[in-house]
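Everything on this sheet refers to the single structure shown next.
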Amino acid sequence: MRQKIVAGNWKMNNDLSQTEALLTKLKKATKTSDSEVVVAPSFTNLWHAFEALRLSDIEVAAQNMHYAEKGAFTGEVSAKMLRSIGVGTVILGHSERRAYFNETDALLAKKVDAALNENMRVIFCFGEELKDRQAGNQENIVASQIKNALFHLKSSQWKHIILAYEPVWAIGTGETASPEQAQDMHAFIRSLLRDNYSDALADNTSILYGGSVKPDNAKEIFSKPDVDGGLIGGASLNAKDFFAIVNAF
Ligand code: PEP
């Protein structure tokens, strides 16, 4: 059985006091679903969030990391550093990292390897742009993003990989992929895993959907058989909305 997961990507939002306020509300929230809950604050608040959530069942993830173990990379943070404060999950390949920080599939492959070397879990994001979907090219784009960054991995390493399909045209736009569009793409991704690895690996890999998931559309999206949860941006900044999504399973 694959794990259901709802992860909140806070992006570059929330200073320390706002983080404290949101964490306090999250700790009080009631979970009625069996999905795992993950939150990803900014680097400056990771340690604080990890400590605050230590006794809860909410996991803390980083939003990014560098591929090198250490060295002259001013402004960067390594997997080892994240591990040293207890953070065991990292989001890699978010479309904002790809678009604004020129992250390529080749770079992401190196980051994935670095995270796995430190026994971290990776939430790996990918997805097509609007022009790709309008041209009917979405499956080719998604297949190449996944192949280029992940298909060098051994089967045994995939237990640390969570996939997050995030059509770029749906992120932060209020525009959501229809539940059918999400299901079609998730089924396609699972077939890629089946063809290139095995039935077992395809069946056990969690594939999250991301792109304007809100309390009022989460239930329908999560009801699709190949959608195993969500990566939530905007709505994860509000504890009530985020837990309404968590409990939509
Ligand atoms: C995201 O940034 O991963 C995301 C899905 O954002 P939003 O939910 O705001 O569209």
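The values are calculated or read from the model by the stated rules, or taken from the named source; none is laboratory data. Since the model is a prediction, treat every value here as computed from it, not as a measurement. Quick reminder, even Gly has a Cβ in these numbers, built from the backbone with ideal geometry, and neighbours come from all protein chains shown. Calculation scope for accessible area: heavy atoms of the full protein, side chains included, ligands and nucleic acids excluded. Shrake-Rupley method; radii C 1.70, N 1.55, O 1.52, S 1.80 Å.
The chymotrypsin sites (Phe, Trp or Tyr not before Pro) of the stretch 30-104 meeting both criteria, a DSSP state outside H, G, I, E and B (loop) and at most 14 other C-beta atoms within 10 angstrom of the site's C-beta, are 73, 101. Taken as Cα centroids, the stretch 110-178 and the stretch 76-99 sit 15 Å apart, rounded to the nearest whole angstrom.
Please tell me which of these pairs span more than 21 angstrom C-alpha to C-alpha: 159/240; 70/154; 110/147; 31/219? Those over the limit are 159/240; 70/154. Equivalent ellipsoid of the stretch 152-229: semi-axes from √(5λ) of the C-alpha gyration tensor, largest first, are 24, 12, 10 Å. Here, P(r) means the percent of Cα pairs in each 10 Å bin from 0 to the largest distance; for the stretch 110-249 it is 12, 42, 34, 12, 0.
Averaged over its residues, the chain has an accessible area of 46 Å² per residue, based on protein heavy atoms and a 1.4 Å probe.
Return the calculated 222 nm mean residue ellipticity for the chain, to the nearest 500 deg cm²/dmol, obtained by summing -39500 (n - 2.57) across DSSP H runs with n ≥ 4 and dividing by the residue count. For the chain, the value works out to -12500 deg cm²/dmol. Quick check: at a probe of 1.4 Å, how many percent of the accessible area of the chain sits on carbon and sulfur atoms? Within the chain, the accessible surface is 50 percent carbon and sulfur. Build a GNM of the chain with springs between Cα atoms under 10 Å apart, and of 213, 122, 77 the one that fluctuates most is 77.
Shown here are the Rg and Dmax of the Cα trace of the stretch 21-68, at 11.8, 40 Å. Neighbours of residue 90, meaning other residues whose beta-carbon lies under 11 angstrom from its beta-carbon, give a summed charge of +2 when Lys and Arg score +1 and Asp and Glu score -1.
When only the Cβ of Lys, Arg, Asp and Glu is charged (+1, +1, -1, -1), the dipole of the chain relative to its Cα centre reaches about 540 debye.
Three principal axis extents describe the C-alpha atoms of the stretch 77-145; from largest down they are 45, 21, 17 Å.
Rounded to the nearest angstrom and listed largest first, the equivalent-ellipsoid semi-axes of the chain from its Cα gyration tensor are 25, 23, 17. Along the stretch 25-33 the Karplus relation, 6.51 cos²θ - 1.76 cosθ + 1.60 evaluated at θ = phi - 60°, assigns HN-Hα couplings of 5, 5, 5, 8, 5, 9, 9, 10, 10 Hz to successive residues, with x for each Gly and Pro. In a DSSP loop and with at most 13 other Cβ atoms within 10 Å, the GluC sites (Glu not before Pro) in the stretch 42-114 are 69. Loop-located GluC sites (Glu not before Pro) in the stretch 160-249 (DSSP state not H, G, I, E or B) with no more than 15 neighbouring Cβ atoms inside 10 Å: 175. Only Cα sites of the stretch 1-146 enter the Debye sum here, all with the same form factor; the resulting log10 I(q)/I(0) across q = 0.11, 0.13, 0.16, 0.21 1/Å is -0.47, -0.65, -0.94, -1.34, listed in q order.
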